[in-house]
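Since the structure comes first, as structure tokens, the remarks are kept for the end.
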Amino acid sequence: MAKFYITTAIDYANSNPHTGTAYEKIGADAIARWKRLQGHDVWFLMGMDEHSMNVEKKAQSLGMDPEKYCDGMEPKFTELWKALDISYDDFIRTTQKRHIAAATEFFRRVHAKGDIYKARYSGLYCVGCEAYLKPADLVEGKCKNHGTEPQKLEEENWFFRLSKYTQAMIEHIERNPDFVKPDVRRNEVLNVAKEGLEDISISRATFKFGIPLPVDPAHVMYVWFDALINYISAVGFASDEARFAKWWPADLHVIGKDITRFHCLLWPAMLMSAGVPLPGQVWGHGWVHYKGQKMSKSTGHLLDPFDVINPQPGNVRFENGDTPKIEAIRPCGADALRYFLLREVSWDRDGDFTWEAFIARYNADLANDLGNLLHRTLKMVNTYCGGAIPAETEAGGTDADMVAHMDALPRDVGALMDAQDLSGALGRIWDAVRRANSYIEEAQPWALNKQGKAARVGAVMTNLATAIARISALVYPFLPSSAGKIREQLGLPPKPEGVPGAWAALPAGHKVREGAVLFPRIETEKKDAPAAGKPRGQGGGAPKPK
Ligand code: MSP
């Protein structure tokens, strides 16, 4: 299978990661894991963007050297990515030697091409965007992304001739309909290009924390020009030709919709100028909102992912301000957050995190649907079949329909993943989870057992265990840790070997185990006073083997 090089945006080092920035990494991780499952040779890059004015200011306000400050920030990111099971292969920092060397060489090539010149510029600068704004970027005089007032700046800087690439960019985007996705982002970017691209200032003399320009060391490289180069410096640009030839061009840059212009216009033009091939695709995902607003560092409107993974009393706040009495605050786990974000916030648009929706999804989809399916199935295999797939089976009832559903599952999920419809893929997997649960109701294995129909019970148990094995492999890119636990209980290796092929029943004699409850229900009210209409708790829905 072919190589697949995937990257995320590298986060600014001046504040902690939050649930919005985490969403991007979780989505990219699900894609990377899916590609690995398909057999691709995957390289997954993440990192930290350090040479910004904001980082220098933040370090100064703490009386710290900016690089030392960034050293202290690195674990704030990497520890969260670890806790969220993000399977990145490399973490680049723009202060690393490998990046500085690559960025310097890249600048030299663009300069040698005649695409860099010095000029005076004045304009409205947004510190949050680290960019000069155009009138269309302002709402009532404030930046539309950050809600803050831009500063009037006048500087003598080095400029990149982005305008020269206007026509080439329009042609590239028009000829390659998959270059910018989803389509809404493609149209936005194309419209910007059609208005005509302006040359962009790519140096600063007003601060020191940056990569000095080889042609004018009094200037440091502007943060975006510097940061974008990370995608090539991490895979050996200008240092390891074989490695660079293996991984570049990137197959997919995953970024948020606020930074598509930099990735879909500036970056490709920079690459054209330097004579480096363009990436295959840029995906501009939407924003995660919390309490009706975009989560953002500049406004301080944030939700700490650790507060969801491991909620503390008082952190769980409903939209009306109530702090529900969760009986026992127990860790919900990274998978619960991964599931919620990828299911509820479509990969191509904005969505909300609310505690109400999170708890409802957790209880209904994870505890009730998936957790119950596993629990009740293993309980029955243990009680009726001595904990192993039986040799004697007899087809009947709705077996054929359920098997056909499960047979089609990997193909359907694959088609959705190819279209990067992550939430749709999860929806399709949950259709299968619910199909398996309804199959239990249709087959009534406890009645078959009572009637002494051992071969029918054998067929139903084999079909259920096989269905869960297929589901566990497909859910692995989304819920890696839970998929591993499900598979261990099913007597399978925690990591699936690949995307399941055509339906093939687990062999007779295959042993299963029964383990701990996977997703204990989150109770927001006292157990003795359940609210009407609440989904049943895990275990409560399992039929009692008779
Ligand atoms: N440092 C630049 C990226 C340089 S890439 C060469 C940057 N950093 S950031 O820390 O501000 O944002 C990192 C990523 O998180 C961006 O892709 C951004 O769009 C994304 N998000 C920031 N807030 C977000 C939400 N509330 N929701 C979803 N994604 C969010 O931009």
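Among residues belonging to the range 278-298 that are more than 7 Å from the ligand (Cβ to nearest atom) and at pLDDT below 85, point out the one that is surrounded by the most Cβ atoms within 10 Å (Cβ to Cβ). Among those residues, the one meeting the criterion is SER298.
State yes or no: is LEU124 free of Cβ contacts under 8 Å to residues at least 60 places away in the same chain, over 25 Å from VAL282 (Cβ atoms), open to solvent by 40 Å² or more (accessible area, probe 1.4 Å) and part of a strand (DSSP E or B)?
Considered against the rule, which asks whether it is free of Cβ contacts under 8 Å to residues at least 60 places away in the same chain, over 25 Å from VAL282 (Cβ atoms), open to solvent by 40 Å² or more (accessible area, probe 1.4 Å) and part of a strand (DSSP E or B), LEU124 comes out as yes.
Going by the conditions given, is ALA242 away from the ligand (no atom under 16 Å from the Cβ) and part of a helix (DSSP H, G or I)? Here the answer is yes, as ALA242 does meet what is asked. Would a scan of the range 373-382 turn up a residue that is open to solvent by less than 30 Å² (accessible area, probe 1.4 Å), touching a Cys at 6+ places or on another chain (Cβ under 9 Å), in a helix (DSSP H, G or I) and within 30 Å of ARG435 (Cβ to Cβ)? Within the range 373-382, none of the residues are open to solvent by less than 30 Å² (accessible area, probe 1.4 Å), touching a Cys at 6+ places or on another chain (Cβ under 9 Å), in a helix (DSSP H, G or I) and within 30 Å of ARG435 (Cβ to Cβ).
Show the residue pairs that are 6+ apart or on different chains and have beta-carbon atoms under 6 Å apart, the first residue being within the range 492-509 and under 12 Å from ASN463 (Cα atoms), the second being in a loop (DSSP other than H, G, I, E, B). The qualifying pairs are LEU506/ILE389; ALA508/ILE389; ALA508/ALA391.
Looking only at the range 406-433, count how many residues are assigned to a helix (DSSP H, G or I) and either farther than 21 Å from LEU506 by Cβ or aromatic (Phe, Trp, Tyr) (or both). Summing the residues that are assigned to a helix (DSSP H, G or I) and either farther than 21 Å from LEU506 by Cβ or aromatic (Phe, Trp, Tyr) (or both) in the range 406-433 gives 15.
Only residues that are at pLDDT below 85 and either in contact with a Lys or Arg (Cβ under 8 Å, 6 or more places away or on another chain) or within 21 Å of LYS485 (Cα to Cα) (or both): list them for the range 311-351, please.
The answer is GLU319, THR323, LYS325, GLU327, ARG330, PRO331, CYS332.
Looking across the range 35-68 at every residue that is in contact with a strand residue (DSSP E or B) (Cβ under 7 Å, 6 or more places away or on another chain) and of a type in the set (A, V, I, L, M, F, W, C), the one that is farthest from the ligand (Cβ to nearest atom) is identified as VAL42.
Screening the range 350-359 for residues that are in contact with a helix residue (DSSP H, G or I) (Cβ under 8 Å, 6 or more places away or on another chain) and outside any strand (DSSP E or B) and picking the one that is surrounded by the fewest Cβ atoms within 10 Å (Cβ to Cβ) gives ALA357. Would you confirm whether or not the range 209-229 contains a residue that is assigned to a helix (DSSP H, G or I), under 30 Å from PRO182 (Cβ atoms) and within 21 Å of the chain's Cα centre (by Cα)? The answer is yes; a qualifying residue exists.
The values are calculated or read from the model by the stated rules, or taken from the named source; none is laboratory data. It should be emphasised that the depicted structure is a prediction, and the values quoted were computed from it without experimental measurement. Neighbour counts run over all protein chains shown; Cβ positions are idealised from the backbone, glycine included. Heavy atoms of the whole protein, side chains included, go into the accessibility calculation; ligands, DNA and RNA do not. Shrake-Rupley method; radii C 1.70, N 1.55, O 1.52, S 1.80 Å.
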